[in-house]
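Q: Sharing a structure, written as structure tokens. Questions coming.
The values are calculated or read from the model by the stated rules, or taken from the named source; none is laboratory data. Nothing here was measured: the structure is a model prediction, and the numbers come from that model. As a convention, Cβ positions derive from the backbone with ideal geometry for all residues, glycine included, and neighbour counts pool all protein chains shown. When the accessible area is computed, the model is the full protein with side chains, heavy atoms only, and any ligands, DNA or RNA have been set aside. Shrake-Rupley method; radii C 1.70, N 1.55, O 1.52, S 1.80 Å.
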Amino acid sequence: MRHQIRCPVASTIALIGGKWKPSILLQIKDGPCHFNELCRRLPHITQRVLTLQLRALARDGIVMRRSGEGNPPKMEYSISKKGMTLGPALQILEDWGHENLLA
């Protein structure tokens, strides 16, 4: 792991924090998603930023990347086994946001 922060919360935030990573993870937590579908679901993110964020999540073992059929191949992203362990934490953050920010 490239993060050398000793605080577990800070290490986790370094891994999945930022403007887009939590939103990306919420979009693929229930099943695989193609890159173009993620672009449609997250219309305010640029394709470049989405690519960089997905690569970082894949590099850190949170997301799996799979090349699909077609020319060019359709890239499909899904949560890894390691990433699935973040599910309860992401759900709590999502619930908190609905209760406190969207109300």
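Q: Here are the criteria: (1) part of a helix (DSSP H, G or I); (2) open to solvent by 50 Å² or more (accessible area, probe 1.4 Å); (3) not basic (Lys, Arg). Tell me which single one Ile24 does not satisfy.
A: Failing condition for Ile24: (2).
Q: Quick check on this structure: which one of Leu15, Leu42 is out of contact with any Leu (no Cβ under 6 Å at 6 or more places or on another chain), modelled with pLDDT of 95 or more and aliphatic (A, V, I, L, M)? Let's see the steps before the verdict.
A: Details: Leu15 fails: modelled with pLDDT of 95 or more.
One residue alone meets the criteria, Leu42.
Q: Within the range 1-59, track down each residue that is in contact (Cβ under 8 Å) with a residue 60 or more places away in the chain and basic (Lys, Arg).
A: Lys29
Q: Separate question: When you scan the range 58-103, how many residues do you find that are on the phi < 0 side of the Ramachandran plot and touching a Ser or Thr at 6+ places or on another chain (Cβ under 9 Å)? Please lay out each step first, then the result.
A: Taking the range 58-103 as the starting set, the residues that turn out to be on the phi < 0 side of the Ramachandran plot are 58-60, 62-69, 71-103.
Checking which are touching a Ser or Thr at 6+ places or on another chain (Cβ under 9 Å) leaves us with 58, 62-66, 73-76, 86, 89.
Result for the range 58-103: 12.
Q: Restricting the search to the range 30-49, which residues are assigned to a helix (DSSP H, G or I) and either over 21 Å from Lys19 (Cβ atoms) or open to solvent by less than 40 Å² (accessible area, probe 1.4 Å) (or both)?
A: Of everything in the range 30-49, those that are assigned to a helix (DSSP H, G or I) and either over 21 Å from Lys19 (Cβ atoms) or open to solvent by less than 40 Å² (accessible area, probe 1.4 Å) (or both) turn out to be Phe35, Leu38, Cys39.
Q: Let me ask you something else. Only one of these conditions is not met by Leu52: (1) surrounded by 14 or more Cβ atoms within 10 Å (Cβ to Cβ); (2) hydrophobic (A, V, I, L, M, F, W, C); (3) at pLDDT 90 or above. Which number is it?
A: Tallying (1) surrounded by 14 or more Cβ atoms within 10 Å (Cβ to Cβ); (2) hydrophobic (A, V, I, L, M, F, W, C); (3) at pLDDT 90 or above, Leu52 fails exactly one: (1).
Q: Does the range 82-93 include one or more residues that are within 19 Å of Ala14 (Cα to Cα), open to solvent by 60 Å² or more (accessible area, probe 1.4 Å) and touching a helix residue (DSSP H, G or I) at 6+ places or on another chain (Cβ under 8 Å)?
A: yes
Q: In the range 41-52, which residues are within 12 Å of the chain's Cα centre (by Cα) and under 13 Å from Gln27 (Cα atoms)?
A: If the condition is that a residue be within 12 Å of the chain's Cα centre (by Cα) and under 13 Å from Gln27 (Cα atoms), then Leu42, Leu50 are the ones that fit.
Q: For residues that are in a loop (DSSP other than H, G, I, E, B) and at pLDDT 95 or above, scanning just the range 61-81, find the one that is surrounded by the most Cβ atoms within 10 Å (Cβ to Cβ).
A: Among those that are in a loop (DSSP other than H, G, I, E, B) and at pLDDT 95 or above, it is Ile62.
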